[in-house]
Amino acid sequence: MNEMVEQIELLLEQENNKQLKEYLNNLNISDVEELIGELPEHGPRFIETLSLNRAVNVFRILDSPTQERIIKKLSGQKVADLINALPPDDRTALFSELHGDAVKTLILHLSPDDRKEALSLLGYEEESVGRLMTPDYIAVKKNWDVTRVLSHIRRYGKNSETIDVIYVIDENGVLLDDIRIREILLVKPETKVSDLMDGRLISLSASDPQEEAINIFRMNNRVALPVVDNEHILLGIVTVDDILWIANEEYTEDIQKIGGTEALDEPYLDINLFLLVKKRVGWLIILFLGEMLTATAMGFFEKSIEKAVVLALFIPLIISSGGNSGSQASTLIIQAMALGEVTVADWWRVMRRELLSGLMLGLTLGLIGFMRIYIWTMFSPIYGPHWILVGLTVGCALIGVVLWGSLAGSMLPLILKKLGADPATSSAPFVATLVDVTGLIIYFSIAVMIMKGVML
């Protein structure tokens, strides 16, 4: 990579446009994308210099902020050529990231048919499958023979997003089936399309959320899936490259939310500092206000703490154990939901598993906590003559807090999903804060029950 950068910098310094164009056009598109990342100030020039076909292929794999930055600095003719040559799904993705005025300007560069197509795709909700689909596909009729199908593919296949899958429709455009190109190539020319249909059709609805489409692709091992409307009329297709892109964005967004921040719309190093602070400060304030309830809970048990100061020594141990178990459970369930392994309907199975696992985890930590107090007492009377009561209190509290943390962490994502919210917002910091406050109540309540009449 360093060698490429040095060579490019030399050509730029020499103002040798001919050699620069030849050098860029001989690189892999992924190498050009890396060069734009290394030399962002020259990104527009690289796109301007590349042949149109290669410029489109490079531009479509750039992240949205880089696309926006580059397109603002391209010449009017290059913008027009680029926008018209972009596949409809990539063009829609670009338009959806730009501001309204910029979109209006770019749409004017399109041909009437492409303009109508772009406006149609932009009419779907932002996170819907309709925004991902492309209307460039191969459709045939069931009464055609293979000879006619192959002739149709030769004529229209160049403009199709993929010819790996051929779609069968009726006279009204209703989707009947899909057939892989391999099946068409391996049969006799006179074979009818209807003889190749097996009825095992999987399709997406244009109004489906993109997250659902990711799961369907994952479960069915497809390179493309058809998109239909409410009347099952074929509208377009979604290809796996678009799904992989969206899956990466969803994964990044979920990880950021799990960390206790709003999703970043740009790469970390590119986002404005004040916007970065704004994305983080909201959750921090909410978590801070939540943690203030910890002081309120401790104030409620102030007299108990005064009588048995030793209890205060174990507060960090208790609440951190509960928070950690809750964070573990929350992360596991959010990931399982993202992969389609767990749904809201599985809440009872999840609760049953977390009851058992939380109890076993709590017993393990409780036993360790009790043994810790026992071993320390052998060398120093720091816990006083009633160390057994202290040990039982800590051990039982750990069982209760870890069990509660596991239940809270596992159920909260499912509850949020049921309410229509993003499960990822039940982030580890949020669960930890919730369990901190309730963990104190559990701890001191158990202490009062065990130590009443002796230390309290």
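Okay, here's what the table says:
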item	result
Shape of segment 168-246, Cα gyration tensor, a/c cut at 1.5	oblate
Modelled FRET efficiency - R0 22 Å, residue 203 with residue 159, Cβ distances, 0.05 increments	0.50
Helix-only [θ]222 nm of the chain, DSSP H runs n ≥ 4, -39500 (n - 2.57) each, per residue, nearest 500	-20500 deg cm²/dmol
Shape of segment 134-178, Cα gyration tensor, a/c cut at 1.5	oblate
Structure-derived Cα extents along the principal axes in Å: which label, when the choices are [x] 91, 51, 44; [y] 69, 65, 42; [z] 92, 63, 39	[z]
Ranking by accessible area, most exposed first, for 193, 344 with a 1.4 Å probe	344, 193
The chain, accessible surface, carbon-and-sulfur percent (1.4 angstrom probe)	58 percent
For the chain: accessible area per residue (Å², 1.4 Å)	54 Å²
Nearest 10 degrees, 0 to 90: helix 146-156 Cα axis against the chain principal axis	90 degrees
For residue 405, net neighbour charge (Lys/Arg +1, Asp/Glu -1) across residues whose Cβ lies under 10 Å away	-2
Acute angle (nearest 10 degrees) that the helix 387-418 long axis makes with the longest principal axis of the chain, alpha-carbon atoms	20 degrees
Ranking by accessible area, most exposed first, for 197, 378, 451 with a 1.4 Å probe	378, 197, 451
List 370, 274, 314, ordered by accessible area with a 1.4 Å probe, largest first	274, 370, 314
Distance violations [Cα-Cα > 28 Å] among 18/73; 278/417; 72/417; 158/188; 72/278	72/417
Beta bridges by DSSP in the chain, antiparallel share as percent, to the nearest 5	75 percent
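The values are calculated or read from the model by the stated rules, or taken from the named source; none is laboratory data. The structure displayed is predicted, hence computed values, not measured ones. A quick note on method: Cβ atoms are made from the backbone with ideal geometry, for glycine too, and the neighbour counts reach across all protein chains shown. The accessibility values were calculated without ligands, DNA or RNA, using every heavy atom of the protein model including side chains. Shrake-Rupley method; radii C 1.70, N 1.55, O 1.52, S 1.80 Å.
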